[in-house]
Amino acid sequence: MVSLVIEASPNRTDESEPMNPVKSHSSNSIVSQLGALIGAAIVSALASTVFVSSAFAQDRDLGAGGDLLDGVAAIVEEGIVLKSELADRIDLVMKNLRAQQEKQPLEQRRPLPPMSVLETQVLDQLVLREIQMQRAKRVGINVSDDLLNQALSRVAENLGYTLEELPAVLAGENVNYAMYREDSRQDLMIEQLQQRDVIARINVSPRELEHCLVERSANATNQFDYNISHILISVPGNATPDQVEAAHQKIEEIYSRLEAGEDFARLAVAASHAQTALDGGALGWRKGAQLPSLFADTVVKMQAGEYSRPIQSGAGFQIVKLNEMRGSERVMVDQLHVRHILLKPNEILDEDAVKQKMLGLRSQIVAGGDFATIARTMSDDTASATDGGDLGWISPGDFVPEFEQLVATLPLNELSEPLKSRYGWHLVQVLDRRSHDTTDEVKREECARQVRASKAEEERELWLRRLRDQAFVEIRL
C-alpha cells in the first residue's frame, strides 16, 4: 500500500463544481482539494519501495501439481485478508527496514523486530484497511479515473516525468502499474472516508478560531514548523482498570528502552498501535498551532531529536518525538482582478451558436457597450453576474487551467476573444494585477485547519478503534 496524504488546498477546480465555472467555492470538499494531495507521499514511498500493494507481488508458492497455494489470514465482515497478501506486505516491510538499517553506521544498527511482531502489526493494518474499504463502498465513495489520473499526474510531475511515462518508472521499481493505480484509488477512497466520518465532523467554533488567531499573534512558536513522530499504546473504549494499567506499564517500558538508547522509529514499528507505526510513527510537518493539542505544550519546549515522557490521552498512552524544526515566512501571492461573461450551450444553442453569440457580445463591448451591464443581463455565471461579472482578486490555482493560461498573458483592460473552457464560452478582462501579502488571510484559513488538525489525530485513532471493535473479524493464523 502506498499511503496517500490528502491536504486541504484551494488550488483545485473540479468537474463537480457547477456554481462558478472559474473559481472553486468548494474548498472543504475533499474531492476538490487534491491539487497537492499525494505527490510527496507517493514519491517518498516509491523512492523507498515501501508498502506497495500486495497485488503487485508476482510470486506465489506452488503446490506439487503446479497450482498456486493460498489461504485466509483473516475474515473481515464480508471480506477476507489472504495469507499471500500478508506475506507479501511483510516481505516488503522487511526489505524496507533492512534498507534503512544499512544506511546507518554499524554501531547504531539495532536488531530488526521479531517476525511475529511485524506479522501482528501488518495484519492489523490490513484488517483496518479492509474494514474502511467496505465502509467506503457502503456509503457510496468512489474515485473516478479522471480524478485518479490528475493525482497520478502530480506524482509523475514530482518525479520529473509525465503520466504516460509513469508506468515505465514504476516498472523500474518492480511495480505493476495497473495494481498501483488500483491501490492508489483505494487509498484515496479511504482518505475521503476519513474526511467524511472524522475531519468533516470536527467543528471549529468562532471562539476557537479567534483564540487560535490571538495565540498565533502572541506566540512566536507558531512561526515554526515541527516534524514529529509518536508511539501509541492504545486502550479500548471500555477498558478495565487492569487493561489501562497494562498499557501504562507497556509505554513506561518503551520509554525505558528509549532511555537506554533504542531507536524511536524501530520501537514504533515494533510496538505502536497507531496507523503510523510502520512509518516509524511519523506524523510529518505541522505548524505550531496545528500540533495535536495533546502534544502542543510539550513539543514547543523540545529540541530536535528529543522525545517526551509518556502522555495519557483518550486513545491510550503516547510518546512524542520532535524530529526537526524550521521557520516560516510571509506569504506573497501574485493576484489578478478579473471579470468575465459566461455563456453555456443548451438545448437551443449548440457550441457554434454560443460562440457566434459571444462574438456579438464582444462587438457590442468594443463598440462602447458597458461590460458590467451586459454581464448582469447575459452571463450564465449567476454567482458573478450580479457583480457585473466581477470575480474579484484571484490567486493562482483558482482557475481551471484553460482559463488561467489566458488571463496570465492577457494585457490589462484588453477584452479577450471568446474562450472555450469545460464550462462554456467566456469573454474575459484583467482589470489589475498585484503582489499581495496574504499572510493574515492564510493564517485565518490555517487556524481553521489547525483547530481541526489538533483534534483529528486522536479522533481518527478513536474512530478506527471503534470501527475495529464493531466489525466481525476472525483471525485464521
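The values are calculated or read from the model by the stated rules, or taken from the named source; none is laboratory data. What you are looking at is a predicted structure, and each value in this text was computed from that prediction instead of being measured. Because the Cβ atoms are built from the backbone with ideal geometry, glycine has one as well, and the counts that use them run over all protein chains shown. Keep in mind that these areas ignore ligands, DNA and RNA; they rest on the heavy atoms of the full protein, side chains included. Shrake-Rupley method; radii C 1.70, N 1.55, O 1.52, S 1.80 Å.
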* To do: Quick one: Val204 ticks every box in (1) among the hydrophobic types (A, V, I, L, M, F, W, C); (2) in contact (Cβ under 8 Å) with a residue 12 or more places away in the chain; (3) not in a loop (DSSP other than H, G, I, E, B) except a single one, so which number is it?
  => (3)
* To do: Could you check, for the stretch 168-179, whether at least one of its residues is open to solvent by 50 Å² or more (accessible area, probe 1.4 Å), among the acidic types (Asp, Glu) and modelled with pLDDT of 90 or more?
  => no
* To do: Return the pairs, sorted by first residue and then second, in which the second residue is hydroxyl-bearing (Ser, Thr, Tyr) and open to solvent by less than 50 Å² (accessible area, probe 1.4 Å), the first residue lies in the stretch 392-411 and is at positive phi and at pLDDT 85 or above, the beta carbons are less than 9 Å apart, and the residues are 6+ apart or on different chains.
  => Gly392/Ser384
* Going through the stretch 259-268 one residue at a time, which ones are open to solvent by 60 Å² or more (accessible area, probe 1.4 Å) and either free of Cβ contacts under 8 Å to residues at least 40 places away in the same chain or over 23 Å from Leu112 (Cα atoms) (or both)? -> Glu259, Ala260
* **Single condition Met378 does not satisfy, out of (1) open to solvent by 50 Å² or more (accessible area, probe 1.4 Å); (2) within 29 Å of the chain's Cα centre (by Cα); (3) not hydroxyl-bearing (Ser, Thr, Tyr)** => (2)
* To do: Output the number of residues of the stretch 56-91 satisfying the condition of being at pLDDT below 85, buried (at least 18 other Cβ atoms within 10 Å of the Cβ) and not in a loop (DSSP other than H, G, I, E, B).
  => 1
* Asked: Any residue at all in the stretch 235-258 that is over 30 Å from Gln429 (Cβ atoms), touching a residue at least 40 places away in the same chain (Cβ under 8 Å) and polar (S, T, N, Q)?
  -> no
* Are there any pairs with C-beta distances below 6 angstrom linking a residue in the stretch 294-315 that is over 12 Å from Phe224 (Cβ atoms) and without any contact (Cβ under 8 Å) to a residue 24 or more places away in the chain to a residue that is assigned to a loop (DSSP other than H, G, I, E, B) and open to solvent by less than 50 Å² (accessible area, probe 1.4 Å), with the two at least 6 apart or on different chains, and if so which? -> Thr298/Ser308
* Asked: How many residues are part of a loop (DSSP other than H, G, I, E, B) and on the phi < 0 side of the Ramachandran plot if we restrict to the stretch 352-391?
  -> 8
